[in-house]
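Notes to accompany the following structure.
The values are calculated or read from the model by the stated rules, or taken from the named source; none is laboratory data. Model, not experiment: these values are computed from the prediction. Every residue, glycine among them, receives a Cβ derived from its backbone with ideal geometry; neighbour counts consider all protein chains shown. Please note that ligands, DNA and RNA were not included when accessible areas were found on the heavy atoms of the full protein model with its side chains. Shrake-Rupley method; radii C 1.70, N 1.55, O 1.52, S 1.80 Å.
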Amino acid sequence: MSKTTRPPKASEFALHADEIVDAAVEIFQEGGLDAVSMRSVSTRLGVSPVPLYSRVGNRDALVDAIADRLLEDLAPPSNDDETWNDYALRWTRELRARLREARDSRLIVWHGREAYVEASRPLIEAMRRDGFASDAAVQACRLLTWATVGFGAVESGVEPPSRRRPRARPGGDPGGVDQADTDALFDLHIRYLIEGIGRDIAPASPPTRKSKRA
């Protein structure tokens, strides 16, 4: 038995789905998504693969469960005295940070993930509090979500440049980007989008709260 294999259960069918997902997340964090299989998870747990199928379904369902675990509770708390654009910037930064933990675009690129739906609720509420119509708030939140998730998917595969070349702008090196470039590009990306939403979608009357834009 390897040092990472747990003692066998007294009954394989005493397994809870959360235990299976815990083991799958551990394997993902150690070896990436390709290391996750029903066989590797069952070996980690010291059981046969059979109870895994009855508890979580097939591997696709297991991958979805890993994503849901890594992306749960995405949204930071909102403050009543915070403008929608300040919260949107903080919200997208937190979402990006959590997506970087997931690392693999196969986990984060799926617009129907329940985690994204739940995370959108406080952002939509902040927008509605500042006078957005309901459909405008949903549209704006979707734009910000897709922009952040898309950036996260691209970011998960970028490589730093083999050598640095002089450049005046972050991300302007044709040979690649380093972490500082990526951070600056993300903030620029989101700032452009927030400014566009403010110009084209936000209510004509601005909120009375003072913006604290970072």
Practice task
Note down the magnitude of the dipole of the stretch 20-90 about its Cα centre, charges +1 on Lys and Arg C-beta and -1 on Asp and Glu C-beta and zero elsewhere, to the nearest 20 debye.
Solution key: 660
Completion exercise
Extend 7 Å from the Cα of A14 along its Cα-to-C-beta direction; within the stretch 34-52, residues with backbone N under 14 Å of that point are 46-47
Practice task
Please work out the average accessible area per residue across the stretch 30-114, using the 1.4 Å probe convention, and give it in Å².
Solution key: 46
Exercise for the section: Return the Rg/Rh value of the stretch 40-142, two decimal places, where both radii are evaluated on C-alpha atoms and Rh is the Kirkwood radius. Expected result: 1.12
Practice task
Taking 7 Å along the Cα-to-C-beta vector as the label spot, tell me the E30-D81 distance in nanometres, rounded to one decimal.
Solution key: 4.9
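What FRET efficiency, computed as 1/(1 + (r/R0)^6) with R0 = 22 Å and r the Cβ-Cβ distance, is obtained for R142 and D68, rounded to the nearest 0.05?
0.65
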Exercise for the section: For the stretch 44-139, give the magnitude of the charge dipole about the Cα centre (Cβ charges: +1 Lys/Arg, -1 Asp/Glu; no others), in debye to the nearest 20. Expected result: 600
